[in-house]
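See below for the structure under consideration.
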Amino acid sequence: MLSINIKPRDLFNEKTSEFIPVKGGTLKLEHSLVSISKWESKWKIPFLSKKPKTKEQIDDYIRCMSVNGDPDPNLIASISTKDKNRIIDYIDEKQTATWFSDMDDKKNTKSEIITSERIYYWMIALNIPFECQKWHLNRLLTLIRVCNLKNQPSKKMSRREIMSRNAALNAARRKRAK
């Protein structure tokens, strides 16, 4: 969870030429499947696409990330650039110690559109409990990937792959032994 403290300030409305006082406050944000599901239900587009999002869509996602109710839109509009960068860094965080080998990455070269419903399907298919929908999304996706890899039958390596791997291991051992 990420907490953002927003100081009281005045915003200027260019349409009405008026100042709007913003009380300030603390936003508690969680980048989770629940947040994405709320955002996708409003915008009707996949959140996890490479297509850039508008400022309005980004601000709305921050609203969807809020775990302490629906925040005042003026409060979200008064988030500083520094805090928006903190939010982006938080969204991009790995949130796990799990890593995958290059061989695992080669299996996932197929590009498909991932929506919240598809992630919920994966959770159901892999018997992942629904309380995990509130986890940081990157951690949940890592769990799904681990479950998927562990449920696959072990792949036999070809003779060429075995020889290539052994040659690399032997070269590394020779280098260490000098």
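The values are calculated or read from the model by the stated rules, or taken from the named source; none is laboratory data. Keep in mind it's a predicted model, so treat the numbers as computed, not measured. Methodologically, a virtual Cβ is constructed for each residue, glycine included, from the backbone with ideal geometry; neighbour enumeration extends over all protein chains shown. The accessibility values were calculated without ligands, DNA or RNA, using every heavy atom of the protein model including side chains. Shrake-Rupley method; radii C 1.70, N 1.55, O 1.52, S 1.80 Å.
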*asked:* Restricting to region 110-148, give me the number of residues that are surrounded by 12 or more Cβ atoms within 10 Å (Cβ to Cβ) and outside any helix (DSSP H, G or I).
replied: 6
*asked:* I'd like to know if region 149-162 contains one or more residues that are open to solvent by 60 Å² or more (accessible area, probe 1.4 Å), in contact (Cβ under 8 Å) with a residue 40 or more places away in the chain and not in a helix (DSSP H, G or I).
replied: no
_Verdict on K53 being charged (D, E, K, R), open to solvent by 70 Å² or more (accessible area, probe 1.4 Å) and within 30 Å of M123 (Cα to Cα)_ = no
*asked:* What's the number of the only condition in (1) of a type outside the set (V, I, T); (2) free of Cβ contacts under 8 Å to residues at least 24 places away in the same chain; (3) crowded, with 19+ Cβ neighbours inside 10 Å; (4) part of a strand (DSSP E or B) that L27 fails to meet?
replied: (2)
*Out of K134, K84, report the one residue that is under 21 Å from the mean Cα position of the chain (by Cα), of a type outside the set (S, T, Y) and closer than 30 Å to D10 by Cα.*
K84
_Hits in region 78-89 - residues which are open to solvent by less than 50 Å² (accessible area, probe 1.4 Å), assigned to a helix (DSSP H, G or I) and either touching a helix residue (DSSP H, G or I) at 6+ places or on another chain (Cβ under 9 Å) or over 11 Å from L2 (Cβ atoms) (or both)_ = K84, I87
